[in-house]
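*Asks:* Handing you this structure, nothing more for now.
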Amino acid sequence: MSHHVEDLLSEWQAAPYDDWVLAVITRVQGSAYRKAGAMMLFHPLGKSIGLVSGGCLEADLKRHAQRAIQYDTAVQVIYDASDETDVSYQLGCGGIVELVLFPLTRENHYLELPLLAEYLNAGKPVFYELVLPTQDTGSSELVAKVVSPEKMHYPKSGFTKATLVTRAPKKGESKHRLVIPCRTRFHLAIFGGGLDAQPVTKMAQQLGWRVTVIDERTSYARQYDFPYAEIIKQKSTQLTDTVLSRFDAAIVMQHNLDLDAKALQVLSLTTIDFVALLGPPHRRDKVLGKAGVTIQDFHGVFSAPAGLALGGELPESIALSILAQCHGVLHQAELTSLDRIMT
């Protein structure tokens, strides 16, 4: 299972709602495994869903989750890896991580997590807003909201990641709110249902992405070869705008010049962020020529030969190479070594 918020909520909804605790990272200073907005769920019987660290904080958080349930109140926790007396000393990444653990109860409407799941399952990105406890008493309104982007009353710039917002407090209210942008999982289209598309599909699903495999050929893209993926047995030119608009990225790997050319024709008319084509440069030029398009016709990044130069020739290595590049593009990451961007 991936740790995408949709998967966390799906597993939580499959269990009884009562007695769970939601742990949320509210602030990070310095280096940390997860960033503000990361969520995890705890149950007093020992079950947990998700991760908020690399595994060094979760055991201690279970103890605090018990306290949140016992006293029916939000619990604030700070782990300071620079403090030698702290439980996270020499275990974490060297930063300071602040969390709040909220009990989920019928009275607080389970912090609107069912509504959040409903929006995300419907493919609608939203903002999840949590009122944080006051520092002096530890009390909290235990209020949560799910806000659609068009109804967002904060400036939308700067809300690509979880953000602490300070408001003038009303009587008895907290002035701090954590606004978490929750987008639906990325959706990858794979044009070509051959054997080498299988590791691409599996890795993408492990990342928490949706995968649709498109191939008009009868002996390709069989459902039992691509479990949990959507299969479309249609020509590329028959795909509707509604279907194409769902995709964030596309990989063309049909190993057929004509079929690949038709796929590129269609993809060049979309706003997809990442399009990759398998094969060497001379094949790329042939396919583009047949399609009657140029690299400049694509809205986002066009990668051909597809992927990063990671080495290896096995299908799994090629899949990793392509998905690593795709992941970087979708997350708007600077494709460089971590030692250049981390302190």
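The values are calculated or read from the model by the stated rules, or taken from the named source; none is laboratory data. All values reported here derive from a predicted model rather than from experimental measurement. Methodologically, a virtual Cβ is constructed for each residue, glycine included, from the backbone with ideal geometry; neighbour enumeration extends over all protein chains shown. These accessible areas exclude ligands, DNA and RNA; they are computed on the full protein's heavy atoms, side chains included. Shrake-Rupley method; radii C 1.70, N 1.55, O 1.52, S 1.80 Å.
*Asks:* Limiting things to C-alpha atoms, what are the Rg and the maximum Cα-Cα separation (Dmax) for the chain, in angstroms?
*Replies:* That works out to 22.9, 69 Å for Rg and Dmax.
*Asks:* Can you tell me the order of 184-197, 288-301, 49-62, 261-274 when each peptide is scored by its average per-residue count of other Cβ atoms within 10 angstrom, highest first? Could you put the intermediate results ahead of the total?
*Replies:* Numbers: 184-197: 22.3, 288-301: 15.2, 49-62: 18.2, 261-274: 20.6.
Output ranking for 184-197, 288-301, 49-62, 261-274: 184-197, 261-274, 49-62, 288-301.
*Asks:* For Arg283 and Arg217, FRET efficiency with R0 = 22 Å and r from the beta-carbon atoms, rounded to 0.05? Please report the intermediate quantities before stating the final value.
*Replies:* On the way: r = 19 Å, r/R0 = 0.87.
Computed FRET efficiency for Arg217 and Arg283: 0.70.
*Asks:* Can you give the net charge of the other residues whose Cβ lies under 14 Å from the Cβ of Lys233, counting K and R as +1 and D and E as -1? Provide the component values of the computation, followed by the final result.
*Replies:* On the way: positive: Arg217, Arg222, Lys235; negative: Asp215, Glu216, Asp225, Glu230.
Here the charged neighbours net out to -1.
*Asks:* Once the Cα gyration tensor of region 213-265 is found, what semi-axes does its equivalent ellipsoid get, as square roots of 5 times the eigenvalues, in whole Å, sorted largest first?
*Replies:* Details: eigenvalues 57, 45, 20 Å².
Over the Cα atoms of region 213-265, the ellipsoid semi-axes are 17, 15, 10 Å.
*Asks:* What does the charge count around Leu104 come to, taking other residues whose C-beta lies under 11 Å from its C-beta (Lys +1, Arg +1, Asp -1, Glu -1)?
*Replies:* Numbers: positive: Arg106; negative: Asp18, Asp19, Asp72, Glu107, Glu112.
Overall, the nearby charge balance is -4.
*Asks:* If I stretch the segment between Arg67 and Ala15 completely, what's the gain in nm (0.36 nm per residue apart, minus their alpha carbon distance), one decimal? Walk me through the intermediate numbers first.
*Replies:* Working: separation 52, 0.36 × 52 = 18.72 nm, distance 2.10 nm.
The Arg67-Ala15 span can extend by a further 16.6 nm.
*Asks:* Go ahead and set up a Gaussian network model of the chain, Cα springs under 10 Å, then flag whichever of Lys202, Lys47, Lys145 fluctuates most.
*Replies:* Checking each option, the largest mean-square fluctuation is seen for Lys47.
*Asks:* I'd like the Kirkwood hydrodynamic radius of region 215-343, using the inverse of the mean 1/r over distinct C-alpha pairs, in Å. Intermediate values should be presented prior to the final figure.
*Replies:* Numbers: mean 1/r = 0.0633 Å⁻¹.
About 15.8 Å for region 215-343.
*Asks:* Let me ask something else about it. Mind checking the full-extension length gain between Val165 and His3? Use 0.36 nm per residue of separation minus the Cα-Cα distance, one decimal, nm.
*Replies:* Working: separation 162, 0.36 × 162 = 58.32 nm, distance 2.54 nm.
Value of the extension gain: 55.8 nm.
*Asks:* Heavy atoms only, probe 1.4 Å: what % of the accessible area of the chain goes to carbon and sulfur, would you let me know? Don't skip to the end; give the middle numbers.
*Replies:* Details: 9100 of 17610 Å².
Taking all protein chains in place, the chain shows 52 percent carbon and sulfur surface.
*Asks:* Counting only heavy atoms of protein chains, what accessible area per residue, in Å², does region 222-280 have with a probe of 1.4 Å?
*Replies:* On the way: 2880 Å² over 59 residues.
Using a 1.4 Å probe on heavy atoms only, each residue of region 222-280 averages 49 Å².
*Asks:* Return the distance in nm (one decimal) between the two label points of a simple spin-label model at Leu115 and Ala309, each offset 7 Å from Cα along Cα→Cβ.
*Replies:* With each label point 7 Å from Cα toward Cβ, the separation is 5.2 nm.
*Asks:* So what is Rg over Rh here for region 1-57, counting just Cα atoms and using Kirkwood for Rh?
*Replies:* Details: Rg = 11.8 Å, Rh = 12.0 Å.
Result: Rg/Rh = 0.98.
*Asks:* How many nm is it between the label spots at Asp60 and Thr294, if each spot is 7 Å from the Cα in line with the beta carbon?
*Replies:* Each label point lies 7 Å from its Cα, and together they span 5.9 nm.
*Asks:* Please list the helices of the chain that count as membrane-span-like by this rule: a mean Kyte-Doolittle hydropathy of at least 0.0 together with Cα atoms stretching 18 Å or more along the helix axis, each helix being a complete DSSP H run. Walk me through the numbers before you get to the answer.
*Replies:* Working: long enough: 58-71 (20 Å, -1.26); 315-330 (22 Å, 1.06).
What comes out of the filter, once short or polar helices are dropped, is 315-330.
*Asks:* Which net charge results when you count Lys and Arg as +1 and Asp and Glu as -1 among the other residues whose beta-carbon is under 12 Å from that of Gln198?
*Replies:* Numbers: positive: Lys202, Arg222; negative: Asp196, Asp225, Glu316.
For residues surrounding Gln198, the net value is -1.
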